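K.L.:
If you scroll down you'll find the structure; I have some questions about it.
The values are calculated or read from the model by the stated rules, or taken from the named source; none is laboratory data. Computed from a predicted structure; not experimentally measured. Positions of Cβ are generated from backbone atoms using ideal geometry, with glycine treated the same way; all protein chains shown enter the neighbour counts. These area figures cover heavy atoms from the full protein model, side chains too; ligands, DNA and RNA do not enter into them. Shrake-Rupley method; radii C 1.70, N 1.55, O 1.52, S 1.80 Å.
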Amino acid sequence: MSHKRSFFSELRRRNVFRVALTYAVVAWLLIEIASVLLPLVDAPESIITAFVVLLALGFAVALFISWEFEMTPEGLKRTQDLSPDEVIPYWSRRKFAKFIIGVAGTAFCLSAYHLLFPAPARNFSHSEPVSISQSSPSPSEKPSGVEQLLRDLDVQWAKAAAAKDVEQTIAYYSDDAIVFPPNATSAATKEAVRNVWRDMFASPGLVITWQPTRVQVAKSGEMGWVSGTYELTMNDASGKPIDDRGKYLEVWEKQTDGNWKCAADMWNSDLAASASAPPEKK
């Protein structure tokens, strides 16, 4: 028991408790500041995560330094090199309490602001190989304006696919889009989506078209879906043309820059399944 008392007394004498408390409240304040400011500059969430990890590692380092070193009038010295009667300067309890309360109060206010006024959900955009020009309706326009925009985008998308332009075709997808091709695994990354289209365009004799038949936009004006029909022709192994037709469904989301991108895409054939059927594409 006496060993425990002496150990905690030594922790108190070396200001380890004060360093731990100070580091904790300052780190809390820095995290709250980062969570408010970083979204304003479109910083990815991974930066905040990395920042928190660094602060956690820094906490251990701060405790080690506070145990091994002491701040003296002559500068930082190792604790073992100090004489037992050497005076170690430190803040008074009142000053320390004011500092902790001030920093913790500021962090609490930022945390409350963050909870009461959360940043809108958004997709962090990465550089696209191809840009798509689109004129989005203003917030005052009726949903029919957005519906027409999505219909026009889908028609443009079909033209890009008909031209077998891989990069222009995949530019209509958002960065986190997921594609569900028939009789195949889903494509959940940009490269996987690119491969779906590259393989399709490589099919001999490929002719592909699609036409939207119905468009609907959510009341929020931030999401919509497009459905329609597709027709596809490609050659089999013997060079004989094979025709396919079917339906598709796309989910579109409005991005932070105001443009619309397809976030989910799926299609399947209207024809009966057969072993010789080609892989469909809308």
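K.L.:
Are any of the residues in region 205-222 assigned to a strand (DSSP E or B), within 35 Å of the chain's Cα centre (by Cα), more than 19 Å from S186 (Cα to Cα) and without any contact (Cβ under 8 Å) to a residue 40 or more places away in the chain?
P.N.:
Yes, region 205-222 contains at least one residue that is assigned to a strand (DSSP E or B), within 35 Å of the chain's Cα centre (by Cα), more than 19 Å from S186 (Cα to Cα) and without any contact (Cβ under 8 Å) to a residue 40 or more places away in the chain.
K.L.:
Another question about this same structure. Looking at region 1-49 only, could you name the residues that are in a helix (DSSP H, G or I), among the hydrophobic types (A, V, I, L, M, F, W, C) and at pLDDT below 75?
P.N.:
F7, F8, L11, L40, V41 - these are the residues of region 1-49 that are in a helix (DSSP H, G or I), among the hydrophobic types (A, V, I, L, M, F, W, C) and at pLDDT below 75.
K.L.:
Among the residues of region 168-196, count how many are farther than 26 Å from L271 by Cβ, open to solvent by 20 Å² or more (accessible area, probe 1.4 Å) and not small (G, A, S).
P.N.:
Summing the residues that are farther than 26 Å from L271 by Cβ, open to solvent by 20 Å² or more (accessible area, probe 1.4 Å) and not small (G, A, S) in region 168-196 gives 7.
K.L.:
Consider D165 against the criteria (1) open to solvent by 60 Å² or more (accessible area, probe 1.4 Å); (2) at pLDDT 60 or above; (3) over 19 Å from A192 (Cα atoms): it satisfies all of them except one. Which criterion is unmet?
P.N.:
It fails just one condition, (3).
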